[in-house]
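Engineer: Shown below is the structure under consideration.
Since every read-out is calculated from the coordinates, none of them should be taken as a lab result. Keep in mind that what you see is a predicted model, and the values were worked out from it rather than measured. Neighbour counts run over all protein chains shown; Cβ positions are idealised from the backbone, glycine included.
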Amino acid sequence: MAEHGSSPPFDESCLINRLRARSPSALAEAYDRYGPMVYQTAFRITGCPAEASDVVQDVFLKLTESVQTYRARGCFTGWLRKVAVRAALMRSRTTRRRAEVALENAPLSVARRSAPAPIDSIVLEQALATLSPPLRTVFLLKVVEGYSHDEIAESLGIRRGTSEVRLHRARQSLQAQLTA
């Protein structure tokens, strides 16, 4: 018999069914339960708090629609993390395109000033932030998220070998920065 005042155990399949039924309370519960994980995943990929917050908003605005495609082959958290990764990658591509267009029209001196300055003493998060977006993305997807090179290649629209090379270069760069 449950103690008075204790909450029932969490039932993920019930939450998923309520999300599929487009329940606002289920969406709020999913946001409370999974929002921090989605934000953390998005932040690792985008490297920007505002962009990561936008990804969280995008993911949860579309969750009642995208959950319709969820098939309980793996854990829901893993599926939701993949949704977040895809959304963060899409946002990063869009942001990168906007930045490229803006820099094309900027004077050369402005473009040079916007490049990151070298950092003497850094921690891993700061070192990751200095990697180019392609290197950082592959590193995070492989090392942090546990994707295979084949999955990374498919997600990013690159060859498997390109993914492997980017991971190698990211590791070399991080090692050089962290041992300097």
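Engineer: Provide Rg over Rh for segment 117-180; use the alpha carbon set for both Rg and the Kirkwood Rh (inverse mean inverse pair distance). Provide the component values of the computation, followed by the final result.
Structural biologist: Numbers: Rg = 12.0 Å, Rh = 11.9 Å.
On the Cα set of segment 117-180, Rg over Rh gives 1.00.
Engineer: Something else about it: Pop a pseudo-label 7 angstrom from the Cα along the beta-carbon direction at both Gln172 and Arg20 and give the gap in nm to one decimal.
Structural biologist: Output for this residue pair reads 4.9 nm.
Engineer: Please list 3J(HN,Hα) in residue order for segment 60-75, calculated via the Karplus relation 6.51 cos²θ - 1.76 cosθ + 1.60 where θ = phi - 60°; whole Hz, with x for glycine and proline.
Structural biologist: So the Karplus estimates, Gly and Pro as x, are 7, 5, 9, 4, 5, 7, 5, 5, 5, 8, 5, 10, 5, 7, x, 6 Hz.
Engineer: Given points 7 Å out from each Cα along the Cα-Cβ axis, report the Ser132 to Arg160 separation in nanometres with one decimal.
Structural biologist: Modelled inter-label distance: 2.4 nm.
Engineer: Of the listed peptides 51-58, 29-36, what is their order by residue-averaged count of other C-beta atoms within 10 Å, with the highest listed first? Mind showing how you got there, number by number?
Structural biologist: On the way: 51-58: 19.5, 29-36: 15.6.
Result, highest mean Cβ count within 10 Å first: 51-58, 29-36.
Engineer: If you don't mind, there's one more thing I want to ask. Expected output is a single nm value to one decimal: the length gained when fully extending between Ser148 and Leu124, i.e. 0.36 nm times separation in residues minus the C-alpha distance. What is it? Intermediate results must be reported in sequence, preceding the final value.
Structural biologist: Details: separation 24, 0.36 × 24 = 8.64 nm, distance 2.21 nm.
Gain in length upon complete extension: 6.4 nm.
Engineer: Only four residue types carry charge here, +1 at the Cβ of Lys and Arg and -1 at the Cβ of Asp and Glu. Report the dipole size of segment 19-88 about the Cα centre in Debye, rounded to the nearest 20. Can you show the working numbers first?
Structural biologist: On the way: 10 positive and 6 negative charges, 84 e Å.
Once rounded to the nearest 20, the dipole reads 400 debye.
Engineer: Report, in whole Å, the centroid distance computed from the Cα atoms of segment 131-152 and segment 13-79.
Structural biologist: Value for the Cα centre distance between the two parts: 21 Å.
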